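Reviewing the structure listed below.
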Amino acid sequence: MTQNSRVARIAVPMLAAVSWLIASRAAMAANLGVFVTSVAGTGDLSSWTQAGAHAGLDAGDAICRSLATTANLPNAGQYVAWLSTTATDAYCHVAGFAGKVSNQCGQASLPDAGPWFRRDGQPFVRSGLDMLTTGTVLHPIELDELDSKPVQGNADVWTGTSAGGAGGGACQDWTSAASDQHANQIGEPVAGFTGWTAWSGSSCDQPDHLYCFEQGSGDPVPPFEAPGAYAFVTSVTGNGDLGSWPQAGAATGLAAGDAICRSVAASGHLPAPESFVAWLSAPGSPAADRLTVAGPWRRADGVEIAPSKTALISGADLETDLEQNELGARVAVFAATGSHNNGQPADPTCNGWTSASAGFSLAGGWSDAANYFWTEGAGGTCDGAGLHLFCFANVVTIFADGFESGDASRW
């Protein structure tokens with residue numbers, strides 16, 4: 001059902017009531033906290049000022065509790081660090097147990113935990129088990145204990161942990177600051193999906209931050225149901241000559257990008273598939289000008305990406321990443337964009353998206369990033385066959401009922 005004046009008159013009071021109920025529930029919820037530390041240090045956690053007399057994983061917990069106490073957070077003594085050691089995985093640790101995920105944290109079955117909420121009240125994940133099994137991130141952790149973004153939101157985080165919540169042995173179990181010692185996994189607090197905990201690696205002498213989770217279980221995350229235009233990253237791929245993609249039909253260049261988005265939106269049973277356009281720029285044709293509605297835009301799971309077109313093209317971070325494709329799967333993939341995060345052209349663009357030559361290159365971004373990396377995080381060559389596209393709808397959907405796909409989970 002798409003927006004029109006009659007539906008809007010009916011929907012506004014209904015949505016106001018739903019918003020009030022969700023807000024009331026959130027106010028009463030026992031929300032567990034999560035934050036990225038405002039301070040940073042080496043992989044020898046005992047060297048951090050907030051560690052006290054502790055070392056290793058205990059030092060990580062002491063740092064989290066010290067910062068939570070200074071920030072006057074509720075249950076400050078319940079915060080622990082998201083870190084894996086050779087004996088204990090990060091997920092088991094934040095769930096309140098020792099041991100490894102591979103042996104169910106020493107329990108009869110893998111325990112659940114969470115969900116966790118940022119300082120601004122936005123949920124990070126639906127639950128610990130959902131985080132492990134689907135990789136779904138609702139909003140990147142991003143905010144520190146002071147409700148700010150450390151280092152302008154571009155801070156690396158010690159984790160030693162994969163997206164499956166497991167790891168171990170990094171920086172000699174967090175006691176080494178040697179330059180020849182490494183953590184194979186560090187996280188990016190502005191990332192979703194796998195990137196938040198396993199974006200890249202770092203040597204142990206570098207100053208990185210920590211994630212701090214409040215241990216325990218809290219109330220579930222309320223559903224995300226509000227008007228919004230849909231956005232997704234394509235499940236299909238191709239090279240820089242968009243006209244060569246099977247979904248392009250007879251179109252070329254930017255028009256081929258739009259045809260691809262509309263084809264896969266229809267196959268994914270998304271509302272108003274004919275309204276989708278590709279987030280692509282070409283010389284003289286900014287991606288920003290291709291969006292004709294004021295927003296907001298949401299992923300298919302209902303999580304808001306940007307509250308308005310103004311916010312989307314402001315150059316600020318997205319509210320969350322574009323990790324979901326038209327089929328609902330979570331992916332960390334590279335997408336062609338040719339666009340800065342203000343929606344203006346960023347050279348190069350595979351000769352206006354008509355070339356698959358290795359002699360041409362392109363600008364693009366990552367689906368699991370919420371900062372500017374989502375649209376201008378890297379470059380590539382036009383002959384590669386693994387490019388994805390970001391697709392944005394130009395129709396605001398009031399309510400997605402799932403009739404087309406047969407999915408009744410949102411009724």
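What follows draws every value from the coordinates through simple rules; no lab data is involved. Note that the structure is predicted; figures quoted are calculated from it, not measured. Backbone-built Cβ (ideal geometry, glycine too); neighbour counts: all protein chains shown.
Listed values, structure above:
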| item | result |
| --- | --- |
| Alpha-carbon Debye profile of the range 31-214, log10 I(q)/I(0) at 0.09, 0.11, 0.13, 0.15 Å⁻¹ | -0.25, -0.38, -0.55, -0.75 |
| For the range 215-308, the Rg and Dmax computed from alpha carbons only, in angstrom | 16.0, 55 |
| Percentage relative contact order, the range 229-392, counting C-alpha pairs under 8 Å, at least six apart | 31 |
| Cβ charges +1 (Lys, Arg) and -1 (Asp, Glu), total dipole of the chain, debye | 960 |
| Order of His340, His209 - criterion: other Cβ atoms within 10 Å of each residue's Cβ, fewest first | His340, His209 |
| Cα coordinate range in the range 304-401, projected on the principal axes (Å, largest first) | 45, 29, 22 |
| Range of Cα positions in the range 258-353 per principal axis (Å), largest first | 32, 26, 26 |
| Approximate spin-label separation Ala71-Leu146, in nm, with each point projected 7 Å along Cα-to-Cβ | 1.1 |
| Pairs of alpha carbons in the range 282-328 whose separation is greater than 15 Å (percent) | 49 |
| Cα Rg over Rh - the range 229-392, Kirkwood | 0.92 |
| Packing-based exposure ordering (other Cβ within 10 Å, fewest first) of Asp180, Asp289 | Asp180, Asp289 |
| Descending principal axes extents, the chain, alpha-carbon based, whole Å | 67, 55, 38 |
